[in-house]
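What follows is a single structure, written as structure tokens, with notes after it.
The values are calculated or read from the model by the stated rules, or taken from the named source; none is laboratory data. Note that the structure is a prediction, hence the values are computed from the model and not measured. In this analysis, Cβ positions are derived from the backbone assuming ideal geometry, glycine residues included, and neighbour counts consider all displayed protein chains. Areas reflect the complete protein model, heavy atoms only, side chains present, ligands, DNA and RNA absent. Shrake-Rupley method; radii C 1.70, N 1.55, O 1.52, S 1.80 Å.
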Amino acid sequence: MESHKRNLTKAIAFNRRNFIKLLVGGAAGVHLSPLPWKLTDDIAIWTQNWPWLPEPTVGAFTQVSALCQLCPGGCGLMVRKVDHRAVKIEGRTDYPVNPGGICPIGAGALQLLYNENIRFTSPMKRMGPRGSGKYLPISWDEALSELGRRILSLRKEGRPESIVAIDGNPSGSSLSLLVARLFKALGSPNVLRIPTFEDTITTANSLMMGYEGPVSYDLENADFILSFGCGLIEGWGAPGRMLNLWGLWHSPPLKGKVKIVQIESRASKTASKADRWLAPRPGTEAALALGIAHVMVKEGLYDKAFVEKHTFGFNDWKDSDGKSHVGFRRVLEQKYAPGLVAEITGLRARDIVSLAKDFARSRRAIALGGKGKGDLNGNLYEIMAIQSLNALKGNINQPGGVLIQDTHSFFNVPDVELDQIALEGLRKTPIDRAGTPEFPFSPSLINNLVDAVINNDASPVDALLLFSANPIHDLPGCKTIRSAMKKIPYIVSFSPFRDESSTMADLVLPDHTSLEKTHDIFWPSGLQYPLYALGRPVVEPLYDTRDSAEVILDLAKALGGSIGRSFPWKNLQDFLMDRARGLYEHGGEGLTRYDGSRPPWKMMERGPYPKKDYGSFDEMWKNLKSGGVWYRPVHEFGNWDAIFQTPSGKLEFYSQEIERAVAEYPGASPGESLLGKLHVTTKGDEAFMPHYEPSPSRVDEDYPLLLVPYEMINLSSGWVPTPPYLYKTLFDHQLRKKESFADINPETAALYDLRQGDRVILESPVGRLRVRVNLFTGAMPGVVYLPLGLGHRAYDDFQKDKGVNPMEIVSCGTDPLSGAVTWWDTRVKILRA
């Protein structure tokens, strides 16, 4: 048996050679079929089985503009109505983010609106055991009174910090701001956010550039896209924008002028349609980025003027005490030569060299990070390594590059009034310890919250409020999260949907869906200019639900005192008007109408900069309410002497903030020995620079394969359920009836004598899943790939128990520096079912 394990491990490594042959010719032919979200004719037949399918409506046709809230992309929608009923959703053409573009989930939003079986139709109080989904309808007055009494009781006991929120709304939305404001007024420092890769990118930008604003990529003006795992046509960024942009790149006049290179271990749709695909071993992307950087520096193919004048730590240097430090250049020379990187990544050295030269010689090349849809948090050092390529290229704050934005003065709302209870509560350490000297670079750590509940006899959390979040299904270690939630005395869900986490709630205060309410988003993910979008109701609320933002305002008034005074707005519209007034006063020359003949990215690059199309605030507010958008296609390029807010005032290859954090780590003496406590294995000056951190997971004879989850554009992998019709767009080798398929390379499958469709068990150190085998030549040998978005244990019969959820068996690791949970190191073995 032991001999078999050793031979299996060797065979998996050896079979990678044949996988490399696939890369030589690219991924052409791997995906010859159309994109999976092209709707098939039999959907119409299948949908006849839905018990909630409406009768056709007769009446006048109208169109209403709206805003998609199903992801942070902030795409514009045009909803077609027959009489009072919405019947079709398309991409809005008179909107700058996604003119006409729309993703499958956005197009299917009507199925989430009208499916009563997956929605809560009124406030609910739990009647059965936790997780049973048995509830009794109650009135809104009863529900708000019960929640208010709980909050006031905890504040009276001097325990406001035991009230905790998990928020999954976009960080710039009014609902998210109101949640944070309410908790500050209560005196709780415990508002945790669902993690995303944008958190990691924002942290990396803060460490290297001192910049914590929105992540902005001027992709429309780039001519070389180096994507490290980004699902560019699979939901990354603003999906409608990216689908539109993909069309621009492949149509005249840009056709053949923009090169797309995908770095990813699996032949995804993006990889198969890119100009070039390179497949490094999962988790070695940082080494590849630094190998590219090595070639750029060695060959003199970097922007010497930018690096010399506007970066810190590139060459060897001495600090104010005269201590010598190694520079980034020396680290690249000594550790990231193409031959060494080839051994780490499994790629060929000549491919690394040719890619580096292509990237460096392109006029406007940009490197992107954020695997899949960008929903998954990732390795901080990896993003720093990717960003170092943009720095060497000199395309920071340049057309076609990474743009640095100033967002500090856009909105102005009054400060929160704090009473003594609130002041004392806010002085206490957050339950997740994020932002403390122990976890200095983490905005939120739900894993630490879970540990705090699990590891204490009595839960330190008394009341947990869930806003647009389904952690039991969506986060790694979901079984442990479920166990923790069982220990929390009181849970309130504001979800409109009967998801897994909501079935654990004691009280449900259901939100409207996005098509039934007014809502907003500020600066959609990745957009290169400031944009504030306002969505309006398309239909009247179907059920006895309420806008969660209005519920917070009503709750604050009912709580009274300083809490009530911290919410001076009569309703949500008053709050939104205050936000818009800040745009009017501080936003500069903005536009409230979109002219497709003058795209924002062209105006930014070529000018002339537009003048605002409103003369007063009242006119701007009227336009905003009717058109739903304000944007400012203006940017000050260059300006490198002013934009970097680091200690050196420059882009820092050597992060002095990381150095400071190590020095201030609790019990620091000496600093370097504390790197291990931050889960950093590298020693010396290199620890403060972009570098490759080897995976803590090693090839294990008991678990010889690596499990990698992946995302699909036609499956929701966040808190929003997948529109049921999209299950019919999945191929039979992805989901057949209720069984998931795992992508496995044929040579790896042969080692287990597996054939197409065989039923197997994937076992990790933390659990088991039953799946079927899909033999896929685009899968890396030694790696098993499972899609995210399946395996729900909630909703209705059309979504429940379809496939498996890989989050149930991932082994949770810890990201160096940030302390965030990672799951890219899960080892598994295959057993016969």
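Share of carbon and sulfur in the accessible area of the chain stands at 50%, probe radius 1.4 Å. Calculated from the structure, volume of the Cα convex hull per residue in Å³ equals which of (i) 184; (ii) 192; (iii) 169? Checking each listed value against the structure points to (iii).
Beta-bridge orientation, segment 430-534: approximately 30 percent antiparallel, per DSSP, counting only bridges with both partners inside.
With r defined as the distance between the Cβ atoms of Glu308 and Ser695 and R0 fixed at 30 Å, what FRET efficiency is calculated, to the nearest 0.05? With a Förster radius of 30 Å, E is 0.30. Peptides 460-473, 247-260, ordered by how many other C-beta atoms sit within 10 Å of their residues on average, highest first, read 460-473, 247-260. Pull out a ≥ b ≥ c, the square roots of the eigenvalues of the alpha-carbon gyration tensor of segment 220-338, then state rounded if a/c is under 1.5, prolate if not and a/b is larger than b/c, and oblate in the remaining case. Because a/c hits 1.5 or more and a/b exceeds b/c, segment 220-338 counts as prolate. Using the Cβ-Cβ distance between Arg565 and Glu299 with R0 = 45 Å, the FRET efficiency computed as 1/(1 + (r/R0)^6) comes to roughly 0.10. Each DSSP beta bridge with both residues in the chain is either parallel or antiparallel, and the antiparallel ones are about 55%. Once both labels are positioned 7 Å from their Cα atoms along Cα-to-Cβ, the gap between Asp753 and Met577 label points is 7.6 nm.
Legend: distances between Cα atoms for Lys273/Lys517; Lys428/Lys486; Lys88/Lys273; pairs beyond 27 Å are Lys273/Lys517; Lys88/Lys273. Solvent-accessible area per residue in the chain equals 38 Å², computed with a 1.4 angstrom probe and all protein chains kept. A simple spin-label model places pseudo-atoms 7 Å from Cα toward Cβ; at Phe61 and Ala833 they are separated by 4.6 nm. Taking 0.36 nm per residue of sequence separation and removing the Cα-Cα distance, the Asp544/Lys625 pair yields an extension gain of 26.7 nm. Using a ≥ b ≥ c from the Cα gyration tensor of segment 773-821 (square roots of the eigenvalues), is it rounded, prolate or oblate, where a/c under 1.5 gives rounded and otherwise the larger of a/b and b/c decides, a/b for prolate? Verdict is oblate for segment 773-821. Students often forget the sequence filter, so: which lysines lie under 27 Å Cα-Cα from Lys612 once same-chain residues fewer than 8 apart are removed? Output for Lys612: Lys602, Lys622, Lys625. The slack in the chain from Glu438 to Phe637, taken as 0.36 nm per residue of separation less the alpha-carbon distance, amounts to 68.0 nm.
Packing here is the average count of other Cβ atoms within 10 Å per residue, and on that basis the peptides 149-155, 717-723, highest first, run 717-723, 149-155.
Proximity of backbone amide H atoms, modeled 1.01 Å from N, is registered between Asp520 and Ser174, Leu175, Gly535 at under 5 Å, excluding neighbours fewer than 5 places apart on the same chain. Judged by the ratio a/c of the largest to the smallest principal axis of the C-alpha gyration tensor, segment 425-552 counts as oblate, that ratio being 1.5 or greater while a/b is no larger than b/c. The mean sequence distance of close C-alpha pairs (under 8 Å, at least 6 residues apart), as a share of the length of segment 126-284, puts its relative contact order at 12 percent. Annotation: amide H-H contacts under 5 Å for Gly767 (H modelled 1.01 Å from N, sequence separation of 5 or more, or interchain): none. Cα centroid separation, segment 750-822 to segment 673-735: 12 Å.
When peptides 727-737, 101-111, 130-140, 66-76 are ranked by their average number of other Cβ atoms within 10 Å per residue, the highest-first order is 66-76, 101-111, 727-737, 130-140. Entry note, segment 710-833: relative contact order of 28 percent, from Cα contacts under 8 Å with a spacing of 6+ residues.
Straight-distance candidates among the lysines for linking to Lys357, with alpha-carbon spacing under 21 Å and chain neighbours fewer than 8 residues away dropped: Lys257, Lys259, Lys298, Lys304, Lys335, Lys393.
Estimated from helices alone, the mean residue ellipticity of the chain at 222 nm is -9000 deg cm²/dmol (sum of -39500 (n - 2.57) over DSSP H runs with n ≥ 4, per residue). Which stretch or stretches of segment 569-588 have amide N atoms under 13 Å from the point lying 7 Å from Phe617's Cα along the Cα→Cβ direction? From segment 569-588, the list is 574-587.
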